[in-house]
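Okay, structure first, notes after.
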Amino acid sequence: MRTGHKIIHLESVDSTNNYAATLISEGKADHGTVIMADDQFAGRGQRGAEWRVKPGQNLTFSLILFPDNLSVSEHFVLSQVTALALHDLLRKFGISAHVKWPNDIVVDERKIAGVLIENQLRGSRISSSIIGVGINVNQTEFGTLQATSMKNNVGSFISINDLLFSFIAAFDHFWEIWLKSGKGDIESLYEARLLGKDEMRHFEDEIGAFEGVVLGVSEEGKLRILKKEKECLYDLKEVRFIFRSEP
Ligand code: BTN
(Lines give C-alpha, C1' and ligand atoms only; values in the text may rest on other atoms or scores of the structure.)
Protein backbone atom coordinates (compact mmCIF):
# COMPACT_ATOMS: atom_id res chain seq x y z
CA MET A 1 0.00 0.00 0.00
CA ARG A 2 1.25 3.44 -0.95
CA THR A 3 2.51 5.91 1.62
CA GLY A 4 2.23 9.68 1.82
CA HIS A 5 -1.49 9.92 0.94
CA LYS A 6 -1.95 11.93 4.15
CA ILE A 7 0.59 14.58 5.09
CA ILE A 8 0.32 16.55 8.32
CA HIS A 9 2.44 19.68 8.01
CA LEU A 10 3.30 21.33 11.34
CA GLU A 11 5.04 24.64 11.83
CA SER A 12 6.65 23.55 15.07
CA VAL A 13 6.65 20.42 17.23
CA ASP A 14 8.93 18.82 19.82
CA SER A 15 9.65 15.82 17.58
CA THR A 16 7.72 14.44 14.61
CA ASN A 17 8.45 10.94 15.97
CA ASN A 18 6.74 11.87 19.26
CA TYR A 19 3.78 13.34 17.38
CA ALA A 20 3.54 10.14 15.30
CA ALA A 21 3.65 7.98 18.46
CA THR A 22 0.76 9.96 19.96
CA LEU A 23 -1.31 9.58 16.79
CA ILE A 24 -0.69 5.82 16.84
CA SER A 25 -1.54 5.47 20.53
CA GLU A 26 -4.78 7.42 20.01
CA GLY A 27 -5.71 5.23 17.04
CA LYS A 28 -5.62 8.27 14.73
CA ALA A 29 -2.90 7.16 12.31
CA ASP A 30 -3.20 5.29 9.00
CA HIS A 31 -0.53 3.31 7.20
CA GLY A 32 1.55 5.81 5.23
CA THR A 33 0.68 8.96 7.21
CA VAL A 34 3.52 11.48 7.13
CA ILE A 35 4.13 14.15 9.75
CA MET A 36 6.49 16.89 8.63
CA ALA A 37 7.63 19.91 10.62
CA ASP A 38 9.34 23.17 9.70
CA ASP A 39 10.87 23.24 13.16
CA GLN A 40 11.50 20.61 15.82
CA PHE A 41 12.45 22.04 19.20
CA ALA A 42 13.38 18.66 20.72
CA GLY A 43 14.34 16.58 17.68
CA ARG A 44 15.81 13.23 18.62
CA GLY A 45 18.72 11.38 17.02
CA GLN A 46 20.10 7.90 17.46
CA ARG A 47 21.49 6.71 20.80
CA GLY A 48 19.76 9.45 22.80
CA ALA A 49 21.43 12.26 20.85
CA GLU A 50 19.67 15.47 19.85
CA TRP A 51 18.81 16.25 16.23
CA ARG A 52 19.15 19.99 15.92
CA VAL A 53 18.91 21.76 12.58
CA LYS A 54 17.98 25.27 11.46
CA PRO A 55 14.19 25.80 11.24
CA GLY A 56 12.70 25.98 7.75
CA GLN A 57 15.86 24.95 5.97
CA ASN A 58 15.74 21.17 6.15
CA LEU A 59 13.38 18.23 5.65
CA THR A 60 12.25 16.77 8.94
CA PHE A 61 9.49 14.16 8.97
CA SER A 62 8.18 10.86 10.27
CA LEU A 63 6.47 8.20 8.21
CA ILE A 64 4.03 5.87 9.98
CA LEU A 65 3.79 2.28 8.78
CA PHE A 66 1.52 -0.52 9.83
CA PRO A 67 3.52 -3.27 8.16
CA ASP A 68 1.55 -6.30 7.17
CA ASN A 69 2.94 -9.23 9.05
CA LEU A 70 6.51 -8.04 9.59
CA SER A 71 8.27 -10.06 12.28
CA VAL A 72 10.65 -8.49 14.79
CA SER A 73 13.48 -10.55 13.31
CA GLU A 74 12.90 -8.78 9.97
CA HIS A 75 13.07 -5.28 11.49
CA PHE A 76 16.26 -4.38 9.64
CA VAL A 77 14.46 -4.25 6.31
CA LEU A 78 12.90 -0.96 7.49
CA SER A 79 16.39 0.53 7.84
CA GLN A 80 17.46 -0.88 4.51
CA VAL A 81 14.46 0.41 2.56
CA THR A 82 14.77 3.87 4.16
CA ALA A 83 18.50 4.07 3.47
CA LEU A 84 17.99 2.94 -0.13
CA ALA A 85 15.27 5.57 -0.66
CA LEU A 86 17.53 8.32 0.71
CA HIS A 87 20.51 7.17 -1.33
CA ASP A 88 18.39 7.08 -4.50
CA LEU A 89 16.91 10.49 -3.80
CA LEU A 90 20.36 12.04 -3.49
CA ARG A 91 21.60 10.26 -6.60
CA LYS A 92 18.79 11.92 -8.59
CA PHE A 93 20.31 15.28 -7.57
CA GLY A 94 23.72 14.09 -8.74
CA ILE A 95 24.92 13.59 -5.15
CA SER A 96 27.02 10.50 -4.68
CA ALA A 97 26.37 9.26 -1.13
CA HIS A 98 27.10 6.17 0.90
CA VAL A 99 25.10 4.40 3.56
CA LYS A 100 27.06 4.37 6.78
CA TRP A 101 25.76 1.34 8.59
CA PRO A 102 23.10 1.09 9.79
CA ASN A 103 21.33 4.00 8.13
CA ASP A 104 23.28 7.26 8.22
CA ILE A 105 23.72 8.79 4.81
CA VAL A 106 27.11 10.39 4.23
CA VAL A 107 28.79 12.32 1.45
CA ASP A 108 32.58 12.50 1.62
CA GLU A 109 32.39 11.31 5.23
CA ARG A 110 29.99 14.11 6.18
CA LYS A 111 26.47 13.33 7.32
CA ILE A 112 23.72 14.53 5.01
CA ALA A 113 20.76 12.56 6.43
CA GLY A 114 19.90 10.61 9.56
CA VAL A 115 17.20 8.10 10.41
CA LEU A 116 15.55 7.21 13.72
CA ILE A 117 13.24 4.20 13.50
CA GLU A 118 10.99 3.38 16.45
CA ASN A 119 8.93 0.19 16.32
CA GLN A 120 5.92 -0.80 18.37
CA LEU A 121 5.69 -4.55 18.91
CA ARG A 122 2.87 -7.00 19.39
CA GLY A 123 4.33 -10.34 20.41
CA SER A 124 6.90 -11.24 17.78
CA ARG A 125 5.39 -8.86 15.19
CA ILE A 126 5.99 -5.20 14.42
CA SER A 127 2.53 -3.70 14.76
CA SER A 128 3.60 -0.20 13.74
CA SER A 129 6.76 1.61 12.87
CA ILE A 130 7.75 5.25 12.95
CA ILE A 131 10.43 6.09 10.41
CA GLY A 132 11.90 9.45 11.41
CA VAL A 133 14.06 11.12 8.79
CA GLY A 134 16.10 14.30 8.80
CA ILE A 135 17.71 15.46 5.56
CA ASN A 136 20.03 18.45 5.52
CA VAL A 137 18.67 20.39 2.58
CA ASN A 138 19.31 24.15 2.35
CA GLN A 139 21.34 24.72 5.53
CA THR A 140 24.93 25.46 4.63
CA GLU A 141 26.66 25.97 7.98
CA PHE A 142 27.05 23.14 10.49
CA GLY A 143 29.61 24.55 12.93
CA THR A 144 31.86 21.82 14.26
CA LEU A 145 29.61 18.95 13.11
CA GLN A 146 30.90 16.66 10.39
CA ALA A 147 27.83 17.39 8.29
CA THR A 148 26.85 18.69 4.88
CA SER A 149 23.68 19.44 2.96
CA MET A 150 22.17 18.99 -0.46
CA LYS A 151 22.66 22.70 -1.18
CA ASN A 152 26.33 22.44 -0.26
CA ASN A 153 26.64 19.70 -2.87
CA VAL A 154 24.46 20.96 -5.73
CA GLY A 155 24.99 24.68 -5.20
CA SER A 156 21.35 25.74 -5.44
CA PHE A 157 18.17 25.97 -3.34
CA ILE A 158 16.05 22.81 -3.20
CA SER A 159 12.28 22.69 -2.63
CA ILE A 160 11.66 20.88 0.64
CA ASN A 161 8.07 19.91 -0.26
CA ASP A 162 9.11 18.41 -3.63
CA LEU A 163 11.84 16.50 -1.87
CA LEU A 164 9.35 14.90 0.52
CA PHE A 165 7.27 13.65 -2.42
CA SER A 166 10.40 12.26 -4.11
CA PHE A 167 11.33 10.46 -0.90
CA ILE A 168 7.87 8.93 -0.63
CA ALA A 169 8.04 7.68 -4.24
CA ALA A 170 11.51 6.20 -3.65
CA PHE A 171 10.41 4.58 -0.38
CA ASP A 172 7.35 3.01 -2.03
CA HIS A 173 9.55 1.73 -4.86
CA PHE A 174 11.95 -0.13 -2.55
CA TRP A 175 9.17 -1.31 -0.23
CA GLU A 176 7.46 -2.82 -3.28
CA ILE A 177 10.69 -4.61 -4.21
CA TRP A 178 10.78 -6.07 -0.72
CA LEU A 179 7.13 -7.14 -0.87
CA LYS A 180 7.54 -8.73 -4.31
CA SER A 181 11.04 -10.20 -4.19
CA GLY A 182 11.75 -10.60 -0.49
CA LYS A 183 14.83 -9.60 1.39
CA GLY A 184 17.53 -10.94 -0.96
CA ASP A 185 17.19 -8.14 -3.51
CA ILE A 186 16.93 -5.40 -0.90
CA GLU A 187 19.96 -6.80 0.90
CA SER A 188 22.18 -6.77 -2.17
CA LEU A 189 21.07 -3.27 -3.17
CA TYR A 190 21.74 -2.09 0.40
CA GLU A 191 25.12 -3.78 0.71
CA ALA A 192 26.31 -2.32 -2.61
CA ARG A 193 25.78 1.18 -1.17
CA LEU A 194 27.51 0.57 2.18
CA LEU A 195 30.41 2.77 3.17
CA GLY A 196 33.55 0.65 3.32
CA LYS A 197 32.15 -2.25 1.30
CA ASP A 198 35.04 -4.22 -0.12
CA GLU A 199 37.57 -1.52 0.79
CA MET A 200 40.10 -1.27 3.59
CA ARG A 201 39.01 1.29 6.20
CA HIS A 202 39.80 2.32 9.77
CA PHE A 203 37.46 1.29 12.59
CA GLU A 204 37.44 1.17 16.35
CA ASP A 205 35.93 -1.54 18.51
CA GLU A 206 36.22 -2.28 22.24
CA ILE A 207 39.75 -3.59 21.72
CA GLY A 208 40.96 -0.52 19.85
CA ALA A 209 41.58 0.87 16.36
CA PHE A 210 41.91 -1.59 13.50
CA GLU A 211 41.81 -1.84 9.74
CA GLY A 212 39.09 -3.90 8.15
CA VAL A 213 36.81 -4.42 5.20
CA VAL A 214 33.00 -4.23 5.33
CA LEU A 215 31.59 -7.48 4.00
CA GLY A 216 27.88 -6.71 4.44
CA VAL A 217 25.22 -7.26 7.06
CA SER A 218 23.92 -10.35 8.83
CA GLU A 219 20.28 -11.54 8.91
CA GLU A 220 19.57 -9.43 12.00
CA GLY A 221 21.31 -6.38 10.58
CA LYS A 222 24.66 -6.64 12.35
CA LEU A 223 27.69 -5.28 10.49
CA ARG A 224 30.08 -7.91 9.11
CA ILE A 225 33.68 -6.74 9.02
CA LEU A 226 36.72 -8.69 7.93
CA LYS A 227 39.30 -8.04 10.64
CA LYS A 228 42.67 -9.79 10.55
CA GLU A 229 41.30 -12.36 8.09
CA LYS A 230 38.44 -13.20 10.43
CA GLU A 231 34.80 -12.19 10.01
CA CYS A 232 33.51 -10.21 13.02
CA LEU A 233 29.89 -9.28 13.70
CA TYR A 234 29.11 -5.95 15.29
CA ASP A 235 25.94 -4.60 16.84
CA LEU A 236 25.14 -0.92 17.34
CA LYS A 237 27.63 0.86 19.61
CA GLU A 238 30.15 -1.98 19.27
CA VAL A 239 32.08 -0.46 16.40
CA ARG A 240 32.62 2.95 14.85
CA PHE A 241 34.13 4.20 11.64
CA ILE A 242 37.22 6.37 12.07
CA PHE A 243 37.07 9.11 9.48
CA ARG A 244 40.08 10.57 7.66
CA SER A 245 39.36 14.03 9.10
CA GLU A 246 39.78 12.76 12.67
CA PRO A 247 43.06 13.61 14.36
C1 BTN B 1 20.41 10.34 13.72
O2 BTN B 1 21.12 10.32 12.73
O3 BTN B 1 20.88 10.45 14.85
C4 BTN B 1 18.93 10.22 13.53
C5 BTN B 1 18.32 11.55 13.24
C6 BTN B 1 16.81 11.45 13.00
C7 BTN B 1 16.18 12.80 12.96
C8 BTN B 1 14.75 12.74 12.55
S9 BTN B 1 14.10 14.33 12.19
C10 BTN B 1 12.49 13.69 12.13
C11 BTN B 1 12.38 12.67 13.22
N12 BTN B 1 11.97 13.26 14.47
C13 BTN B 1 12.92 13.18 15.39
O14 BTN B 1 12.83 13.64 16.56
N15 BTN B 1 13.99 12.54 14.91
C16 BTN B 1 13.78 12.12 13.54
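Dipole size of the stretch 59-192 about its Cα centre, with +1 on Lys/Arg Cβ and -1 on Asp/Glu Cβ: approximately 120 debye, rounded to the nearest 20. Rg and Dmax, both from the Cα atoms of the stretch 106-193 and both in Å, are 16.0, 48.
Provide the FRET efficiency to the nearest 0.05 for the VAL213-GLU141 pair, computing r from the beta carbons and using R0 = 22 Å. For R0 = 22 Å, the calculated efficiency reads 0.05. Working ranking of peptides 59-67, 2-10 by packing, defined as the average number of other Cβ atoms within 10 Å per residue, highest first, is 59-67, 2-10. All C-alpha pair distances within the stretch 21-95, sorted into 10 Å bins from zero, spread as 15, 36, 42, 8, 0 percent across the bins. Looking at the stretch 1-102 alone, DSSP beta bridges between its own residues are antiparallel in about 40 percent of cases. Using the Stokes-Einstein relation with a Kirkwood hydrodynamic radius computed over Cα pairs, the translational diffusion coefficient of the stretch 199-247 at 20 °C and a viscosity of 1.002 mPa s comes to 194 µm²/s.
A straight chain from SER166 to ALA192 at 0.36 nm per residue would run longer than the Cα-Cα distance by 7.2 nm. Of all accessible surface on the stretch 198-242 at a 1.4 Å probe, what whole percent is carbon and sulfur? After summing per-atom areas, the C and S share lands at 48 percent. The apolar share of the surface of the stretch 14-125, taken as the fraction of accessible area on carbon and sulfur atoms (1.4 Å probe, ligands and nucleic acids excluded), comes to 47 percent. Please identify which residues in the stretch 140-165 have an amide N closer than 19 Å to a label point set 7 Å out from the Cα of ARG52, following the Cα→Cβ vector. Taking a point 7 Å out along Cα→Cβ of ARG52, the residues of the stretch 140-165 whose backbone N falls under 19 Å are 140-149. Hey, which lysines would be in cross-link range of LYS28, C-alpha to C-alpha under 21 Å, not counting anything within fewer than 8 residues on its own chain? Within reach: LYS6. Take the Cα radius of gyration of the stretch 1-154 and divide it by 2.2 N^0.38 Å, N being the number of residues; the result is 1.02.
Entry comment: accessible area of the chain is 49 Å² per residue, from protein heavy atoms only and a probe of 1.4 Å. In this structure, ASP39 and LYS227 have a Cβ-Cβ separation that, at R0 = 51 Å, corresponds to a calculated FRET efficiency of about 0.75. Pairs of Lys residues in the stretch 89-247 are counted when their Cα atoms are under 22 angstrom apart and they lie 8 or more places apart or on different chains; the count is 28.
The values are calculated or read from the model by the stated rules, or taken from the named source; none is laboratory data. Just so it is clear, the structure is predicted and the values come from calculations on it, not from any experiment. Glycine gets a Cβ as well: all are built from the backbone with ideal geometry, and neighbour counts include every protein chain shown. For accessibility, only protein heavy atoms count, side chains too; no ligands or nucleic acids. Shrake-Rupley method; radii C 1.70, N 1.55, O 1.52, S 1.80 Å.
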